[in-house]
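Here, each number is a calculation from the coordinates, and none is a lab measurement. Here the structure is a predicted model, which is why all the values come from computation and not from measurement. Heads up, the Cβs are rebuilt from the backbone with ideal geometry, glycines too, and the neighbour counts pull from every protein chain shown.
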Amino acid sequence: MVAGPTFDESAIIEVRALTKSYGQVPAVGGIDLRIGRGEVFAMLGPNGAGKTTTVEILEGYRQRDGGEVRVLGLDPEKQGRLLKQQIGIVLQSTGVDQYLTVAETIAMYSGYFPHPRPVDEVIELVGLVDKRNTRVVKLSGGQQRRLDVALALAGAPAVLCMEEPTARPAPPAST
C-alpha cells in the first residue's frame, strides 16, 4: 500500500504543484501555497494568469490536471459536495432577483445551507441594516457588492472566496 501525501492539518488551504491547462495552453503552472486559519490571502496578476482557474479548482468547480489540493482537509475534486457546504463565494457578478428585498434575498440564499447564520446578523455584518427592506434594484453599486458578500456569508462558511470583490456590479438587464 502506497501512502498518500501528508498535509498540514493547521492549514485551511494547502496546494502543492497545482497544474491546469486548456489544450496546449497552460493556465496554472505548478502553484504551491499554504493558507492558515484566520489568514487573508490575495492572488494578484494580469488577466489570463490563472487566478480564476485556481480559485475554481479550490472551490471544487473545476478539475485540476496535476498536483494536490486540500481545502479544510478535503480534496475539492473528490469531496466537492461536502466542501461546498463549508465555503462562501462572492462571484465577480451575480444574478439575484432585482425585485426581492435585501432581507428576502439573504433569507432565500440562507435556505441553501444546513446551518445558516441568522438573516439579521448577516445584514448587520455587511452594513445594510438601513436597507433591509429595500429592493435590490434600488441599491447602489457598492450596496449591491455588500449584498453579494452577505450571500456568501449566509451559510456561515469556514472559508470565504471572493472573485474580483471590488468589481462593479453589472447593470440590471433592461426588458
Rounded to the nearest 10, the angle in degrees between the Cα long axis of helix 141-153 and the longest principal axis of the Cα atoms of the chain comes to 60
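What ranking do 25-37, 78-90 get when scored by the average of other Cβ atoms within 10 Å per residue, highest first?
Ranked by mean Cβ neighbours within 10 Å, highest first: 78-90, 25-37.
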Correct option for Cα Rg over 2.2 N^0.38 Å [calculated from the coordinates] among (1) 1.14; (2) 1.34; (3) 1.05: (1)
Can you compute the helix-only [θ] at 222 nm over the chain? Use -39500 (n - 2.57) per DSSP H run of at least 4 residues, normalise by all residues, nearest 500 deg cm²/dmol. -7000 deg cm²/dmol
For Arg81 and Ala107, extending 7 Å from Cα along the Cα-Cβ vector and measuring point to point gives, in nm, a value of 3.0
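Could you compute the net charge surrounding Lys131? Neighbours are other residues with a C-beta less than 10 Å from the C-beta of Lys131; K and R count +1, D and E count -1.
Working: positive: Arg132, Arg135, Lys138, Arg146; negative: Asp130.
Net charge around Lys131: +3.
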Once phi is turned into ³J(HN,Hα) by the Karplus curve 6.51 cos²θ - 1.76 cosθ + 1.60 with θ = phi - 60°, what whole-Hz value does each residue of segment 159-164 show in order, with x for glycine and proline? 9, 10, 10, 10, 9, 6
Multiply the residue gap between Arg16 and Tyr61 by 0.36 nm, knock off their C-alpha separation, and tell me the result in nm, one decimal place. 14.4 nm
